[in-house]
Amino acid sequence: MKFGGTSMAGTERIRRVARIVKRQQDAGHEVAVVVSAMAGETDRLVNFCREANPLYDPAEYDVVVASGEQVTSGLLAIALQALGAQARSWLGWQLPINTVEAHAKARVDSIDADALIAEMQKGVIAVIPGFQGVSEKGRITTLGRGGSDTSAVAVAAAVKADRCDIYTDVDGVYTTDPRIVTKARKLRHVTYEEMLELASVGAKVLQTRSVGLAMKEGVRVQVLSSFIDDDAPAADTIPGTMIVGDEELEGMDMERQLITGIAHDKNEAKITLTRVPDKPGAVANIFGPLADAAINVDMIIQNVGRDKGETDVTFTVPAADLARSMDLLESAKEAIGFNRIIPDTNVAKISVVGVGMKSHAGVASTMFKALADRGVNIVAISTSEIKVSVLIEEDYTELAVRVLHTAYGLDAVEA
Ligand code: ADP
Ligand code: ASP
Ligand code: MG
């Protein structure tokens, strides 16, 4: 069972979480619980690091930001004990949850679950802080924002859980963020592939890596709400959203939509380099240093050449990596040979996702037309087999998502 930040925000909510957990144990399950920091806490800690130095050491950033989950794991164990349950916390380094050295975006390598399983079999509820692990060098690592989902799936795989229930502040995965589009529809099932793509383009209900890991390890993941009454049906019968394999979905008698969902992402920043030499190797000179620093470049456009063999190159990086990217590019200015560097954080990426796209033409043109009709300008475009993304001005995010939700016929019919 995993509980997110809103579900863990304050002792009152933690006590409710404890009751939900206890009910599962009372129903005969052995339970491990993964928790997030209280809502807003990780942002607060990240800001402290930025204030201390915008070019902070990622290893020390991890020490700071991992602390939010330490607090909530201890508190949940206390709340469970207050209900008469046996419970204890295991921090990432205590289990341990071994990760690679990549600070602030570490990947889980292995989890030593023997002690955990032994205690769980004795009736102890294991409480594990999400988001954190320990590197080969014995240093604290974190798994990237939203990483507690990945911790939960990794623990579920390590203890060979029957299911990994992700409790959050919405009651499932919707066709788009239900906080933006009130007509969003809840999906009873979504395939790993579609969820992976939706998450990777910004549907933050699950961290992308958690979906990839669940797919690889065959973990059954369910998304459901923690905001339920004490007498609500138990998780085994709750209609959340199940993430399922393609074969499983095919076996179900349901009509498949062309588009599964729409996501937005305001966490990208755009960088334009003007007057880059239009010659072989120029682009490699730009992206080489970024790749070496493990900065993920997403959308890239190289404009048509200007006179004098020059061109402008525009691309996006995670907003969190903007300061470092600018710094790296400035240092490589001579080697790259650009004129000006223009950052822009006022952008958002809007994506439509659906496996049905593989065999249907016209998905992208519907998107471009719907946005054009509302006067939304498209700055960049990227596509994959099952998604189309556009970069637009951030102020138009909500409008664009709503318009596209309607254009693809996803709006829920009013009851
Ligand atoms: P937690 O703290 O529980 O991990 P998150 O805030 O990370 O919760 O994720 C839940 C949020 O994801 C919801 O409150 C919702 O606003 C957002 N969200 C974005 N896209 C979707 C979607 N397609 N379906 C459901 N929720 C979504
Ligand atoms: N607390 C971390 C974050 O806010 C991890 C998580 O909640 O999943 O990113
Ligand atoms: Mg989350």
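A few remarks follow.
- Among residues that are touching a helix residue (DSSP H, G or I) at 6+ places or on another chain (Cβ under 7 Å), more than 30 Å from ARG19 (Cα to Cα) and either of a type in the set (Val, Ile, Thr) or within 16 Å of ligand 2 (Cβ to nearest atom) (or both), ILE243 is not included.
- For region 1-13, a residue qualifies if it is more than 11 Å from ligand 1 (Cβ to nearest atom) and buried (at least 23 other Cβ atoms within 10 Å of the Cβ), and exactly one does: MET1.
- Taken together, LYS279, LYS204 contain a single residue that is within 16 Å of ligand 2 (Cβ to nearest atom), assigned to a loop (DSSP other than H, G, I, E, B) and modelled with pLDDT under 95, which is LYS204.
- Of all the numbered requirements in (1) part of a helix (DSSP H, G or I); (2) more than 30 Å from PHE338 (Cβ to Cβ); (3) open to solvent by 60 Å² or more (accessible area, probe 1.4 Å), SER210 misses one, and that requirement is (3).
- The residue pairs whose first member lies in region 287-305 and is of a type in the set (S, T, N, Q), whose second member is open to solvent by 30 Å² or more (accessible area, probe 1.4 Å), and whose beta carbons are closer than 7 Å, counting only pairs six or more residues apart or on different chains, are ASN296/PRO318; GLN302/VAL283.
- Just one of the listed residues (VAL46, VAL35) is in contact with a Leu (Cβ under 6 Å, 6 or more places away or on another chain) and either within 11 Å of ligand 1 (Cβ to nearest atom) or more than 22 Å from ASP230 (Cβ to Cβ) (or both), namely VAL35.
- Restricting attention to region 384-415, the residues being surrounded by 14 or more Cβ atoms within 10 Å (Cβ to Cβ) and without any contact (Cβ under 8 Å) to a residue 60 or more places away in the chain number 8.
- Strands (runs of 3 or more DSSP E) fully within region 113-174 counting 1 or more residues that are closer than 16 Å to THR208 by Cβ and either within 13 Å of ligand 3 (Cβ to nearest atom) or in contact with a His (Cβ under 7 Å, 6 or more places away or on another chain) (or both): 164-168
- Residue match in region 26-38 (condition: within 16 Å of ligand 3 (Cβ to nearest atom) and either of a type in the set (Lys, Arg) or open to solvent by 70 Å² or more (accessible area, probe 1.4 Å) (or both)): no
The values are calculated or read from the model by the stated rules, or taken from the named source; none is laboratory data. If you're wondering where the values come from, they're calculated on a predicted model, not measured in any experiment. Backbone-built Cβ (ideal geometry, glycine too); neighbour counts: all protein chains shown. Surface accessibility is based on the protein's heavy atoms, side chains included, excluding ligands, DNA and RNA. Shrake-Rupley method; radii C 1.70, N 1.55, O 1.52, S 1.80 Å.
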